[in-house]
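Below: one structure, written as C-alpha cells.
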Amino acid sequence: MKVIRGRVWKFGDNIDTDLIAPGKYLGLPYEKLLEHILEPANPEFPSKVKEGDIIIAGKNFGCGSSREQAPRGLKDLGVGAIVAESFARIFFRNCIGIGLPAVTCSGVAGNFQDGDEAELDLRTGILKNLTTGKSFQTSKLPDMMLEILETGGILEMLKKGTF
Amino acid sequence: MGKTIAEKILSEKSGKDVYAGDIVVAHVDRIGLQDGTAPLTIRQIEKIGVEKLDGAKKTFFFIDHSSPSPRRELSNDHNLIRSFAKKSGAFLSDVGNGNFHQIMAERFAKPGDLIIGADSHTCTAGAFGAFATGMGSTDVAVGIILGKNWFRVPETFKIEVTGETPSGVYSKDIMLEIMRVVRADGATYRALEFTGETISAMTMEERLTLCNMAIETGAKTGICPSDNKTREYLKEMGRESDFREIKPDEDAEYEKEFNIDVSDLPPLVAKPHSVDNVVSVEEVEGTDVNQVYIGTCTNGRISDIEVAVKILKGRKVDEETRLIVTPASKRVYLEALRRGFLEIIMEAGGIVNPPGCGPCVGIHQGVLGDGEVCISTQNRNFRGRMGNPESEIYLASPATCAASAIEGKITDPRRYL
C-alpha cells in the first residue's frame, strides 16, 4: 500500500455531508458538484485541493446523509486520505467501499494546522506531520478493510470474485 | 450467552451464532434506494457489467427526494431509475406515492427483517423489530448484485424510557431528549434498543419517529421489540401475517444503558446547526420564523398531521410566515383529505405539497432565503440542509411547529391544547 503525502486541510468536529456535498448541487452534473465539495466549510477547498492531500478533522467527520457523493467527491478531487478523531459510520463505510483511506487517530486535530505537510503510511498506520516533525500512530484497519482499499474498492473486489 | 435484537437478527441472516464485534456476511430481506442515491448505484452496477442481480426482486426504488422533478438533470435521473427498475424486475414507487421510509413501513417492513438502504434514515423500519441500516450507493449496489453484504455486528445501547408522557409532549420531544443525552456522535457504530413502559405505550407511528432519528446519534440502527402494537399496525395495513415476535434475550449484554424519565419533560427544540443542540421550547420562545415545515419521514404521518390540525383549526397562520405541509405518503395524503385535514390547513393559510420528502432535502418545494429561519418537524438542522447555508433551522414536534406557524414565532404548543 502506497504512502500518502500532501498538504493538510484541517477541519473541526461534526463536518456533515451537507457541508461536504451540499444537497442543492446534488442533481447537477457531477463535475458541477465537484466545484462545491466542502465549500461551505472552506470556500478555497474545491479549487485548491491537490492529488494526495490529506484531510485532518475532529470528531464525527461525515455525519448525516448516506450520500456517497460526499466521500466520492473528496476522492475525485484528489484527497489521498482522511484522518479524523472519529467518523460517522455510513461515511466511513462508504470511504472503504470506494477505496478512499480513512483512519482514526486520537488527538490528531490538535496537532495539525491547515497548510501543514503530512505523510501517512497505511500499512504501519504512522502519520507524520512533516512541518512539525511529530509522528502519530493511527488506528489499524482490519485486514478485510485493508484488502478492500488495496483492491480499489468493494466493486473491484466483486469483479475479481474475491468478495 | 444472551443476545440483543441486533445479534439475533444478524445471527439468523448469516446462519452463524454471532455477537457484537463479529464481521459477518448476511442475506438481506429488503433493499431500498431513493432518487438521490439510486442513479449512482445503477451506474456502478452498469459499469461492472453484471447481468445476474440476485437481489433485484427484493429491491425497492422510491422517487421521493425531488418529486415531481424540479430540474431536467433530475428528470433524467428519474428516467434512469424507471428503466432500470423495469429491466431488473425491482419495485418502483414513482412520483406521488410518498417517501421511502413511510412506504416501507406501510407495505414492506416486518419484524425480524434485515433491511439495507441507500439513505441514512433507513433505520426508521427498526420500529418493527427489524435491523434496518443506511449505506452508500456502492454498498447497496453490492446488495443488489449479491442479495447479501458484510456487516459488523454492533454493540447495543439500551435506551429505557419510563414515565407518562405529559400533555403537549410527543415522541419527537422524547427523541430530542435522547439526542440531548446521547449526543450527535454518542452512539456511533452502535445499535439502539428502545425499551420501557413509555415505548410499550407508544403507537407504531410514534415508534417510527423515534427509530427514524437513531442515525442522528451516530447509531447504525434503532430497534423497538415487536409487540401487540406492531401486530395491530400490520393488521391495519392488511398484512397481519407478517407479524413475528422479536425481543432481546433477558440476559443480553448491553454496552451502555440509559434511563430517560419523561414524566416532567417539556416540549423541546433543537437549535441550529446541530441535532443535539437541544433546549426546552421556553428558552427559544419568541424567535421569529419565516417558514414552518410539517412533514418528512420523521413526522409526516397521519397522527402528526392530526395533532397540527387540532391546533390550526379555526385559526390563521401568521401573515409573514409560510406553513408548508407534506404528507409522507399517498395513503397519509388520502386519509388527511378524507378527514378534512387538508382543508383546515389550506383555510388556515398553509400549503399542502404532494407526498414525498418536501423541502427537507433543500432541493425544492420550500428552499429558504438568506437569513431566513425555519422551524421544522424534520430530523436534521445542519447548515444548508434546506438549500441555503445562510439560513437557520430549528427542529420540533408537529404541535410546536403548528403553534409557531400561528404566532410567526417559536411557540410553546401547550398554550394551544
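Does the range B:367-417 hold any residues that are among the polar types (S, T, N, Q) and over 23 Å from A:I20 (Cα atoms), and which are they?
Within the range B:367-417, B:T377, B:S397, B:T400, B:S404, B:T411 qualify.
May I ask you to verify whether B:D288 is closer than 30 Å to A:G12 by Cβ, open to solvent by 10 Å² or more (accessible area, probe 1.4 Å) and not assigned by TED's automatic domain parsing to the domain that holds B:P154?
Details: closer than 30 Å to A:G12 by Cβ: yes; open to solvent by 10 Å² or more (accessible area, probe 1.4 Å): yes; not assigned by TED's automatic domain parsing to the domain that holds B:P154: yes.
Criteria met by B:D288.
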Query raised in the report: If you go through the range A:120-162, how many residues are more than 19 Å from the chain's Cα centre (by Cα), at positive phi and within 14 Å of another protein chain (Cβ to nearest Cβ)?
Result: 1
Report summary line: Every listed condition ((1) of a type in the set (S, T, Y); (2) under 30 Å from B:Y189 (Cβ atoms); (3) open to solvent by 10 Å² or more (accessible area, probe 1.4 Å)) holds for B:S303 save (2)
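Among the candidates B:V279, B:V275, single out the residue that is under 27 Å from B:T326 (Cβ atoms), outside the structural domain of B:G126 (by TED's automatic domain parsing) and either in a strand (DSSP E or B) or without any contact (Cβ under 8 Å) to a residue 12 or more places away in the chain (or both). Explain how you work it out, then say what you get.
Numbers: B:V275 fails: either in a strand (DSSP E or B) or without any contact (Cβ under 8 Å) to a residue 12 or more places away in the chain (or both).
Going through B:V279, B:V275 in turn, the sole match is B:V279.
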Query raised in the report: Do we have B:L146 as in contact with a Phe, Trp or Tyr (Cβ under 6 Å, 6 or more places away or on another chain) and not hydroxyl-bearing (S, T, Y) here?
Result: no
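Check every one of the helices (runs of 4 or more DSSP H) wholly within the range B:154-266 and list those with 1 or more residues that are hydrophobic (A, V, I, L, M, F, W, C) and farther than 20 Å from B:R301 by Cβ.
Working: elements: B:171-182, B:197-201, B:204-212, B:228-236.
Because the criterion is at least 1 residues that are hydrophobic (A, V, I, L, M, F, W, C) and farther than 20 Å from B:R301 by Cβ, the helices (runs of 4 or more DSSP H) in the range B:154-266 that meet it are B:171-182.
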**Report entry** Odd one out for B:I324, checked against (1) away from chain A (no Cβ under 14 Å); (2) over 17 Å from B:V289 (Cβ atoms); (3) in contact (Cβ under 8 Å) with a residue 24 or more places away in the chain; (4) open to solvent by less than 20 Å² (accessible area, probe 1.4 Å)
**Finding:** (2)
Query raised in the report: If we keep just the residues of the range B:342-370 that are touching a Ser or Thr at 6+ places or on another chain (Cβ under 6 Å) and among the hydrophobic types (A, V, I, L, M, F, W, C), which is farthest from B:G36 (Cα to Cα)?
Result: B:L368
Query raised in the report: Looking at B:I406, B:I410, B:I363, B:I351, which one is more than 30 Å from A:I37 (Cβ to Cβ), open to solvent by 10 Å² or more (accessible area, probe 1.4 Å), β-branched (V, I, T) and touching a residue at least 40 places away in the same chain (Cβ under 8 Å)?
Result: B:I406
**Report entry** Pairs where the first residue, in the range B:72-96, is away from chain A (no Cβ under 14 Å) and the second is part of a loop (DSSP other than H, G, I, E, B) and of a type outside the set (S, T, Y), C-beta under 7 Å, 6+ apart
**Finding:** B:S88/B:L53; B:S93/B:I63; B:D94/B:I63; B:V95/B:I63; B:V95/B:P68; B:G96/B:P354; B:G96/B:P355
Query raised in the report: Within the range B:217-238, which residues are out of contact with any strand residue (DSSP E or B) (no Cβ under 7 Å at 6 or more places or on another chain) and either open to solvent by 10 Å² or more (accessible area, probe 1.4 Å) or not assigned by TED's automatic domain parsing to the domain that holds B:F131 (or both)?
Result: B:D227, B:N228, B:K229, B:R231, B:E232, B:Y233, B:K235, B:E236, B:M237, B:G238
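Where in the range A:1-91 are the strands (runs of 3 or more DSSP E), entirely inside, with at least 1 residues that are open to solvent by 20 Å² or more (accessible area, probe 1.4 Å), at the interface with chain B (Cβ under 9 Å from one of its Cβ atoms) and under 21 Å from B:R383 (Cα atoms)?
Working: elements: A:3-10, A:54-57, A:81-84.
Hits in the range A:1-91: none.
Only residues that are more than 20 Å from B:I406 (Cβ to Cβ) and away from chain A (no Cβ under 13 Å): list them for the range B:336-357, please. Working first, answer last.
Step one: list which residues in the range B:336-357 are more than 20 Å from B:I406 (Cβ to Cβ), which gives B:337-339, B:354-357.
The answer is B:L337, B:R338, B:R339, B:P354, B:P355, B:G356.
Of all residues in the range B:126-153 being more than 19 Å from B:A109 (Cα to Cα) and not in a helix (DSSP H, G or I), which is most open to solvent (accessible area, probe 1.4 Å)?
Going residue by residue through the range B:126-153, those that are more than 19 Å from B:A109 (Cα to Cα) are B:136-139, B:141-142, B:145-146, B:150-153.
Now drop any that are not not in a helix (DSSP H, G or I), which leaves B:136, B:150-153.
Working: B:G136: 1, B:W150: 16, B:F151: 0, B:R152: 75, B:V153: 0 Å².
Within the range B:126-153, the match that is most open to solvent (accessible area, probe 1.4 Å) is B:R152.
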Query raised in the report: Which residues, counting only those in the range B:61-81, are touching a helix residue (DSSP H, G or I) at 6+ places or on another chain (Cβ under 7 Å) and not β-branched (V, I, T)?
Result: B:F61, B:F62, B:D64, B:H65, B:S66, B:S69, B:D77, B:L80
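In this structure, does B:R183 turn out to be modelled with pLDDT under 95 and basic (K, R)?
When the stated conditions are applied, B:R183 does not pass them.
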Query raised in the report: Can you tell me which residues in the range B:327-348 are touching an Asp or Glu at 6+ places or on another chain (Cβ under 9 Å) and in contact (Cβ under 8 Å) with a residue 60 or more places away in the chain?
Result: B:P327, B:A328, B:S329, B:R331, B:V332
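Looking at B:G163, is it at positive phi, open to solvent by 10 Å² or more (accessible area, probe 1.4 Å) and away from chain A (no Cβ under 14 Å)? Even if it seems obvious, please write down each step before you answer.
Details: at positive phi: yes; open to solvent by 10 Å² or more (accessible area, probe 1.4 Å): yes; away from chain A (no Cβ under 14 Å): yes.
So B:G163 passes the test.
The values are calculated or read from the model by the stated rules, or taken from the named source; none is laboratory data. Just so you know, these numbers come straight off a predicted model, no measurement behind them. Cβ atoms come from the backbone with ideal geometry, glycine included; neighbour counts cover every protein chain shown. The accessibility values were calculated without ligands, DNA or RNA, using every heavy atom of the protein model including side chains. Shrake-Rupley method; radii C 1.70, N 1.55, O 1.52, S 1.80 Å.
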